[in-house]
Amino acid sequence: MISYKDLGLVNSRELFAKAVKGGYAIPAFNFNNMEQMQAIIMACVETKSPVILQVSSGARKYANQTILRYMAQGAVEYAKELGCNIPIVLHLDHGDSFELCRSCIEYGFSSVMIDGSHLPYDENVALTKKVVEYAHKYDVTVEGELGVLAGIEDEVSAERHTYTRPEEVQDFVAKTGVDSLAISVGTSHGAYKFKPGQKHEIRLDILAEIEKRIPGFPIVLHGSSSVPQDIVAEINHFGGNIKDSAGIPEDQLRLAAKSAVCKINIDSDGRLAMTAAVRRVLCEHPEEFDPRKYLGPAREKLKELYKHKVVNVLGSDNKI
C-alpha cells in the first residue's frame, strides 16, 4: 500500500471547495507519457494553477502502474524545481470496476472515478458507494457519474447522450457519499463530437437545475475539448486526415466554470496539439529520426495550449 501523501500529492476535496467558491474550474489533463506530464506541469507552474493529472485505464496499461506512480512523484518534484509547489492530484479517469479503483488507491492515486453511468441506477449507486467506502478509509476522494456522454475516447465509448436527470442527483449523492459528480449536459468524448458548423450548446439549464438540487456540490464536466480548427488544419496540412471534427465552444466552458463546475476534463485537444507538432517536424524534416527533435516541439505546443486553457477558459491561474 502506497499512500499518495508520501508522494507529495493531494486529494481534490479542498481544491474543489475553493473552486466552487471562487468561480473557476480545476484543469484535469490526461497524460500517458513523460512529455505530456512535463507539458502539463510546466503550463500549470507558469500560470500558478492547481492541476489534476488524469490517468485512464488504457493509459495505466500503456505506461505501467509502477512507472506512473513514480512519474506522479516526479511531477511534484519537477514543479518544485520549476519554482512553484502547485497542488497536484493523481486521478483515475473512468474507472469501471471496484477492483481497478482499489488497485489505483493502493498504488498512490489520490482520487478515483468510478463510472457506473452505464448501469441501472440502483447498481450505479451500489457500486459507487462500495468504492467510496473503501477510498475514504485512505482519505482518497471519489468522483461518480450520472448520465452518459456520447463519443469515443480511449476505452470509453457511447453512441448517444443520456442527459443527467436533475431529480436523481440529490438521492445519488446522499446514498453514495461521493465527493464530486460528473454529469452529462451536452459535452462529448473525442475529437469527432459534432460536425463543423453544427450549432452546439451545453445544456446550462440542466446544470442550473442540478445546482439547485445540490447547492455548492462539486460538479465535473467530461468531454470538454474544443477541438481547435487551426490545429486540425495543421494536422491535415502535414499529411493527416481528420475530418468533420468539432468541439465545445470555449465561451460556454467558461460560463460553466463560473458555476458549480469545479473540474473540467480536457484530453483530445492535447492529443491534437502534439500530433500537429510531430507531423510538422517530420514533414519539414523527413530525414529526422531523433525522438527528442519531434517530441520536444510537441511538448512545447501542448504546454502553450494548456496555458491558454488555464487562463482563458478555466480561470484557475493564480489560484494555488
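Put +1 on the Cβ of each Lys and Arg and -1 on the Cβ of each Asp and Glu in the chain; which of Leu100, Ile266, Leu314 then has its Cα farthest toward the positive end of the dipole?
Leu314
In the range 248-320, what chymotrypsin sites (Phe, Trp or Tyr not before Pro) fall in a loop by DSSP, with at most 12 other Cβ atoms inside 10 Å?
Values: sites: Phe289, Tyr294, Tyr306; in loops: Phe289.
For chymotrypsin sites (Phe, Trp or Tyr not before Pro) across the range 248-320 that sit outside H, G, I, E and B with at most 12 neighbouring Cβ atoms in 10 Å, the list reads Phe289.
Taking the Cα centre as origin and putting +1 on Lys and Arg beta-carbons and -1 on Asp and Glu beta-carbons, what dipole magnitude results for the range 4-309, to the nearest 20 debye? Could you put the intermediate results ahead of the total?
Values: 36 positive and 42 negative charges, 104 e Å.
Magnitude of the dipole: close to 500 debye.
Quick one: what does P(r) look like for the range 1-88 with 5 Å bins over all Cα pairs, in whole %?
Reading upward from the zero bin: 3, 14, 25, 25, 20, 10, 3, 0.
For Met1 paired with Asn33, estimate the spin-label separation in nm (one decimal), with each label point 7 Å from Cα along the Cα-to-Cβ line.
3.6
If the viscosity is 0.692 mPa s and the temperature 37 °C, what translational diffusion coefficient in µm²/s does Stokes-Einstein give for the range 4-309 when Rh comes from Kirkwood over Cα pairs?
For these conditions, the coefficient is 168 µm²/s.
Run the quick spin-label model on Cys283 and Arg254: label points 7 Å from Cα toward the beta carbon, then report their separation in nm to one decimal.
Taking the two extended label points, one gets 3.0 nm.
Can you bin every Cα-Cα distance in the range 201-320 into 10 Å intervals starting at zero and give me the percent of pairs per bin, rounded to whole numbers?
Each 10 Å bin holds this share of Cα pairs: 12, 37, 28, 16, 6, 1.
Every number in this text was worked out from the coordinates using simple rules, so none of it is lab data. Remember, it's a predicted structure, so these values are computed and weren't measured experimentally. Cβ sites come from the backbone with ideal geometry, for glycine too, and all protein chains shown count toward neighbours.
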